[in-house]
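Enquirer: Please see the structure below; I have some questions.
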Ligand SMILES: [Zn+2]
């Protein structure tokens, strides 16, 4: 995973169009505050980290007036991989500029609900879908995972519901990415006007 935008080189990318160029301000002028409510004071673990993050934001004093509509009109779909821990800086964008949607593998197909809300209600126009090398989604199959879940509690018929879940794993990064971009092109519920859609592969070695 690159530490900056340069880490995702054009050589690593496949795009249906040129990479997202420049951006314009959204039509909506609505603003929202991330400090609308005073947070409860957490005491330990992850909540202490969240609390400290909020304190840092408050100290900077510059993030409380961000617009709810992403200023770059951009959606980024990327993997939930814990090693990709700061997609904003790693992709060269900052808070308020884009919606970042994360799930296992960074699948647009698994992000459709959020994509539609982002486009229809919050004015985004461009979608960038990312895969990354060394992704865990290439290491299992749906039948294997279903069996593993069933084996975790033999005889528990409630676990049979897992048979209805397609875990959408993939073996080939580039093919999976192309299929996902094609899926977005075909899905008309995303946007009335055809927005730009691009797919990119990030190399973790570029970090
Ligand atoms: Zn991944």
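Enquirer: Do you know which of the residues in segment 59-79 that are surrounded by 13 or more Cβ atoms within 10 Å (Cβ to Cβ) and modelled with pLDDT under 90 is farthest from residue 126 (Cα to Cα)? Spell out how you get there, then give the answer.
Expert: Residues of segment 59-79 that are surrounded by 13 or more Cβ atoms within 10 Å (Cβ to Cβ), as a first pass: 63-64, 66-79.
Retained after the next criterion (residues that are modelled with pLDDT under 90): 63-64, 66-67.
Working: 63: 23, 64: 25, 66: 20, 67: 18 Å.
In this case the residue turns out to be 64.
Enquirer: Another question, then. Restricting to segment 114-127, give me the number of residues that are under 11 Å from residue 77 (Cβ atoms) and either within 16 Å of the ligand (Cβ to nearest atom) or not in a strand (DSSP E or B) (or both).
Expert: Result for segment 114-127: 3.
Enquirer: Of all residues in segment 125-164, how many are on the phi > 0 side of the Ramachandran plot and touching a residue at least 60 places away in the same chain (Cβ under 8 Å)?
Expert: 1
Enquirer: Another question about this same structure. Look at segment 128-148 and say how many of its residues are closer than 25 Å to residue 191 by Cα, more than 12 Å from the ligand (Cβ to nearest atom) and in contact with a helix residue (DSSP H, G or I) (Cβ under 6 Å, 6 or more places away or on another chain).
Expert: 1
Enquirer: Within segment 80-113, which residues are surrounded by fewer than 16 Cβ atoms within 10 Å (Cβ to Cβ) and either assigned to a helix (DSSP H, G or I) or within 14 Å of the ligand (Cβ to nearest atom) (or both)?
Expert: If the condition is that a residue be surrounded by fewer than 16 Cβ atoms within 10 Å (Cβ to Cβ) and either assigned to a helix (DSSP H, G or I) or within 14 Å of the ligand (Cβ to nearest atom) (or both), then 80, 82, 83, 85, 88, 89, 104, 113 are the ones that fit.
The values are calculated or read from the model by the stated rules, or taken from the named source; none is laboratory data. Fair warning: this is a prediction, and the values are worked out from it, not measured in the lab. In this analysis, Cβ positions are derived from the backbone assuming ideal geometry, glycine residues included, and neighbour counts consider all displayed protein chains.
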